[in-house]
Amino acid sequence: MLAVVALAILYVVLHSPFGATLQAIRENRERAGFLGVKVKRYELAAFSLGGAFAGYAGGMFALFERSSFPLLLHWTTSAEPIFITLIGGLNSFAGPLVGAVIFGLLRDWITRNFVYWGAVLGAVLLLIILGRPGGTVEAVQRLVALLRPGAQAPTQTPVDAGRPEDADRDDAPTRSGTKGAS
């Protein structure tokens, strides 16, 4: 019940003007600053909100486990939320939820069937992350888009291809980094 309340609060924050401003900062920090957004203040607020939810999650974990032990200080425990987010997807609200389910099932199955479970889990996570850079949620969305009649799969623009709004400009940077011919 406590997790549902936390997710509801996060959902409301994400879909509020504050959340839209954070998304604008994530997409283009400099442009958001030019629009008058106090970027440092919003980053500090986001960091504080993230810290509050991390503390809330730690408190819920302690209540669930009814104990605390030194193994929780190992780096692999700190890296689990990052793995979960990468597996599920970074650009959707459901991504970390899906990633948590997949990571939990995968970790459980690997620890029961392999002696060197850490190495196997690392290799499987590497394959998942390299095979689906957008995460599982994005992969499912692409699959659904492909299966729809008459629909085309969404394509990703390479990072070094320049911004889409620059495509019609003659002086837009190209892949080689030089400006187009005038």
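Determine the relative contact order of the stretch 69-155: mean sequence separation of Cα pairs under 8 Å and six or more apart, normalised by residue count, in whole percent. Walk me through the numbers before you get to the answer.
On the way: 78 pairs, mean separation 23.7, N = 87.
Across the stretch 69-155, relative contact order equals 27 percent.
Measure out, as a whole number of angstrom, how far apart the alpha-carbon centroids of the stretch 100-132 and the stretch 1-35 sit. For the stretch 100-132 versus the stretch 1-35, the Cα centre distance is 30 Å.
Backbone phi angles across the stretch 5-20, fed through the Karplus curve with coefficients 6.51, -1.76 and 1.60 (θ = phi - 60°), yield HN-Hα couplings of 4, 4, 5, 5, 5, 4, 4, 5, 5, 4, 9, 9, x, 4, x, 5 Hz in residue order; Gly and Pro are listed as x. Global size of the stretch 1-68: 15.1, 49 Å for Rg and Dmax (C-alpha atoms, Rg to one decimal, Dmax whole).
Computed from the coordinates by the stated procedures, all read-outs in this text should not be read as laboratory data. Keep in mind that this is a model prediction, so the values were computed, not measured.
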